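Please treat every number below as a calculation from the coordinates, not as lab data. These numbers were taken from a predicted model, which means no experiment stands behind them. Don't worry about glycine lacking a Cβ; one is built from the backbone with ideal geometry, like all the others, and counts go over all protein chains shown.
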Amino acid sequence: MAISSESGQMLEDIVLCDTHAHLAFRQFDNDREKILREIEKGSPAFVVEVGIDVENSKKCVEIAESHQNVYASVGIHPHDSGSISGDNYLEAIRTLASSEKVVAIGEIGLDYYRDLSPRDQQRRVFSELLEVAAENDLPVIVHVRDAYEDAIEALRPFSGRSSIVVHSFSGTLGDAKMIAELGFFLGIGCPITYKRNNGLREAVRKAPLDQLLPETDSPFLPPQELRGKRNEPKNVLHVFRMVSELKGLALSDCSTALLDNARGFFRV
Ligand SMILES: [Zn+2]
């Protein structure tokens, strides 16, 4: 049975990838293996499973090491940076990062919206892990919410030194411009389909196509038509569709470009 998109294009021809998912979370306890089997069969072609603290990063590495087409990133989310003690976490992240399936450090960053960790602690952990990434020549997945100014200042010294993606980009047109000018990438998730998100769509329309990475942040941030449901990597199709529309490209051309971006960024 052929499923066609609005443009009449066969969806079987469209190769997807999801550069940001949290399949280790409990929301996937009942069907994680089913979703992982689909990924092993190539749907999506590959997924980056993203860690948020030492324990969760360990799980991400285990999942990646035991499944084809799944890669891991290891890091400490700003929400969790307040609960780490001493420097032991750095050693733990360095050890995990030595796995061949680890393709990035992240997610790390600053979140002044929820402020779940003291800001000075968020900034300290962020800069320490940016250094670990640079030392190990690993790309970085950055989480920023209501902290674009401080995050850009912290990232600026890594321009030309590390590959960096600001995941689930939610900043202004000016933030997007600044990030792109520094040579960093914008991670674009399903919020780009939300009705009120005209500003984000405008930012993506103007951003260089070769600096965009598609993602879902599953189980969070489902696309407009699935709001209230759990998000899954296959829903990254909604991102591909919206980006192709905004860029005035055929879905197949857009998917080739986004896949190339992701493969180049993570070197997979
Ligand atoms: Zn995330």
Q.
Just to confirm the filter: which trypsin sites (Lys or Arg not before Pro) across region 49-117 are DSSP coil and have at most 10 other Cβ within 10 angstrom of their Cβ?
A. R114
Q) Can you sort T193, T95 by how many other beta carbons sit within 10 Å, fewest first? A) T95, T193
**Q.** All-pairs Cα distance distribution in region 51-116, expressed in whole percent, bin size 10 Å
**A.** 24, 50, 22, 4
Q: Let me have the relative contact order for the chain, percent, based on Cα pairs under 8 Å that are six or more residues apart.
A: 18 percent
Q.
To make sure I understand, if each residue's beta carbon is the centre and we count other beta carbons within 10 Å, what order do D18, D111 fall in, fewest to most?
A. D111, D18
**Q.** Taking the convex hull of Cα positions in the chain, its mean projected area over all directions (nm²)
**A.** 13.3 nm²
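Find the relative contact order for region 1-123 and round it to a whole percent, using C-alpha pairs within less than 8 Å whose residues are 6+ positions apart.
21 percent
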Q. Between Y194 and L249, what FRET efficiency follows from the Cβ-Cβ distance if R0 is 30 Å, with the result rounded to 0.05?
A. 0.90
Q.
Taking 23 Å as the cut-off for C-alpha to C-alpha distance, list the pairs among K101/K229; K177/K234; K41/K195; K59/K234; K195/K229; K34/K229 that go past it.
A. K101/K229; K177/K234; K41/K195
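By count of other Cβ within 10 Å, fewest leading, how are R227, R32, R145, R26 ordered?
R26, R227, R32, R145
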Q) Which part of region 52-79 falls in the paramagnetic zone of R119, meaning amide N under 17 Å from the point 7 Å along Cα-to-beta-carbon? A) 78-79
